1. Touching a strand residue (DSSP E or B) at 6+ places or on another chain (Cβ under 9 Å) and either farther than 20 Å from Gly121 by Cβ or not β-branched (Val, Ile, Thr) (or both): which single residue out of Leu43, Leu28 fits that description?
2. Can you say whether Glu44 is modelled with pLDDT of 95 or more, open to solvent by 60 Å² or more (accessible area, probe 1.4 Å) and among the acidic types (Asp, Glu), as far as the supplied structure shows?
3. Condition first: farther than 12 Å from Ala11 by Cβ and either at pLDDT 95 or above or of a type in the set (D, E, K, R) (or both). Now tell me which residues in segment 53-73 satisfy that.
4. Please give the number of the condition Ser25 fails out of (1) closer than 20 Å to Arg132 by Cβ; (2) at pLDDT 95 or above.
5. If Gly94 meets every condition in (1) over 12 Å from Ala6 (Cα atoms); (2) touching a residue at least 60 places away in the same chain (Cβ under 8 Å) apart from one, which number is that one?
6. Within the bounds of segment 51-70, is there any residue that is assigned to a strand (DSSP E or B), touching a Gly at 6+ places or on another chain (Cβ under 6 Å) and among the hydrophobic types (A, V, I, L, M, F, W, C)?
7. Applying the selection to segment 1-18, what residues are open to solvent by 30 Å² or more (accessible area, probe 1.4 Å) and not basic (Lys, Arg)?
8. Quick check: anything in segment 20-28 surrounded by fewer than 20 Cβ atoms within 10 Å (Cβ to Cβ), touching a Phe, Trp or Tyr at 6+ places or on another chain (Cβ under 9 Å) and of a type in the set (Val, Ile, Thr)?
Amino acid sequence: MVRKLAAILAADVVGYSKLMGSDESGTLSSLRSFRNDLLSPLLERSNGAILKSMGDGWFIEFQSVTDAVSCALALQDALENQSPIQLRIGLHIGEVTITEEDIYGDGVNISARLQEMAAPGAIVISDAARGRWTVGCRRSFRTLALRTSRTLVNR
């Protein structure tokens, strides 16, 4: 068991079940291409590592928030006009516990909740992660209305 502070990116394919229902082989081919041609090279360049893969989603660890944000932006830019794969991304920095069978902790839980809040093609970044982002960006960001969740209170 390993405990550490990490920037965690949670990504999920939008409409995965619908895509699979309408064209299973095409969707699987698109996912395979996405992972081999886009995700894996980006993770290598940005020092990211997949902690968990759920078929249509991933928890990805980064040692820095800057690397995680850069990777998230590159993913969304590359997929912007590429059908049928679209992602929702949530990003948080927090404690994670990694065991042989799974990953746990606020870093994972909060990034997953943020990913659920993201619109297709969007990235939702926690205030904790935004506060540790050290490199400027030429992108515009907008602050979402504060949302609270019983599972996220005081985190």
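The values are calculated or read from the model by the stated rules, or taken from the named source; none is laboratory data. Since this is a predicted model, take the numbers as computed values, not measurements. Heads up, the Cβs are rebuilt from the backbone with ideal geometry, glycines too, and the neighbour counts pull from every protein chain shown. Please note that ligands, DNA and RNA were not included when accessible areas were found on the heavy atoms of the full protein model with its side chains. Shrake-Rupley method; radii C 1.70, N 1.55, O 1.52, S 1.80 Å.
1. One residue alone meets the criteria, Leu43.
2. For Glu44, the condition - modelled with pLDDT of 95 or more, open to solvent by 60 Å² or more (accessible area, probe 1.4 Å) and among the acidic types (Asp, Glu) - is met.
3. Once the filter is applied, which keeps residues that are farther than 12 Å from Ala11 by Cβ and either at pLDDT 95 or above or of a type in the set (D, E, K, R) (or both), segment 53-73 yields Glu61, Phe62, Asp67.
4. The single condition Ser25 does not satisfy is (1).
5. With (1) over 12 Å from Ala6 (Cα atoms); (2) touching a residue at least 60 places away in the same chain (Cβ under 8 Å) applied to Gly94, the lone miss is (1).
6. yes
7. Met1, Val2, Leu5, Asp12, Gly15, Tyr16, Ser17
8. No, because not a single residue in segment 20-28 is surrounded by fewer than 20 Cβ atoms within 10 Å (Cβ to Cβ), touching a Phe, Trp or Tyr at 6+ places or on another chain (Cβ under 9 Å) and of a type in the set (Val, Ile, Thr).
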